[in-house]
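The values are calculated or read from the model by the stated rules, or taken from the named source; none is laboratory data. In this text the structure is predicted, and so the values were computed from the model without any measurement. As a convention, Cβ positions derive from the backbone with ideal geometry for all residues, glycine included, and neighbour counts pool all protein chains shown. Just the protein is used for accessible areas: all its heavy atoms, side chains included, with ligands, DNA and RNA removed. Shrake-Rupley method; radii C 1.70, N 1.55, O 1.52, S 1.80 Å.
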Amino acid sequence: QVQLVESGGGLVQPGGSLRLSCTASGGAFSNYYWAWFRQAPGEEREFVATISMVYDSPWYGDPGKGRFTIARDNAKNTVYLQMNNLKPEDTAVYYCATKSDFGKSPSEYPYWGQGTQVTVSS
């Protein structure tokens, strides 16, 4: 069974930066795809970014394109989301997820963390 734990969320001013981390244990494999999603109150969960733990080929959704960077450290079983130039619209709970192949839909992902809150406000 796979366990995912997110960290790094918090309160940041508009234009600021945060770095989220997701660490896996209990059976996550390095060839799986890892992804970040986010969900604001009253909104559907939306795709942010994904990366393979074998090939360094990130794929970005519209919300953070040009501002966010996904990266991973296989030795630590950890994936990161570096978020720059944050906007109030980025306020949401950010979730880490993993699956065996590439995907952008939340319904495709069987394993999820509990999420970390990101609040962008002055």
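What the table below lists for this structure:
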read-out: For a label point 7 Å along the Cα-to-beta-carbon line of residue 107, residues of region 35-51 with backbone N under 16 Å; value: 44-47
read-out: Cβ-Cβ FRET estimate between residue 13 and residue 39, R0 fixed at 25 Å, reported to 0.05; value: 0.70
read-out: Space enclosed by the convex hull of the alpha-carbon atoms of the chain, per residue, Å³; value: 89
read-out: Under the Karplus curve 6.51 cos²θ - 1.76 cosθ + 1.60, θ = phi - 60°, whole-Hz ³J(HN,Hα) for region 59-74, x wherever Gly or Pro sits; value: 10, 10, x, 5, x, x, 4, x, 10, 9, 9, 9, 8, 9, 10, 4
read-out: Computed magnitude of the charge dipole of the chain (debye, nearest 20; Cβ of K, R +1, Cβ of D, E -1); value: 220
read-out: Fraction of the pair-distance distribution of region 51-122 above 19 Å, Cα-Cα pairs, percent; value: 39
read-out: Relative contact order (%) - the chain, alpha-carbon pairs under 8 angstrom, separation at least six; value: 36
read-out: Residue among 52, 107, 21 with the largest mean-square fluctuation in a Gaussian network model of the chain, springs linking Cα atoms under 10 Å; value: 107
read-out: Carbon and sulfur %, accessible surface of region 55-122 computed with the full protein complex present, 1.4 Å; value: 46
read-out: Average accessible area per residue (Å²) across the chain - probe 1.4 Å, nucleic acids and ligands excluded; value: 52
read-out: Fluctuation leader among 26, 64, 103 - the chain, Gaussian network, Cα springs under 10 angstrom; value: 26
read-out: Calculated from backbone phi, Karplus (6.51, -1.76, 1.60) coupling profile of region 8-24 in Hz, x at Gly/Pro; value: x, x, x, 9, 9, 7, x, x, x, 10, 9, 10, 8, 10, 9, 10, 10
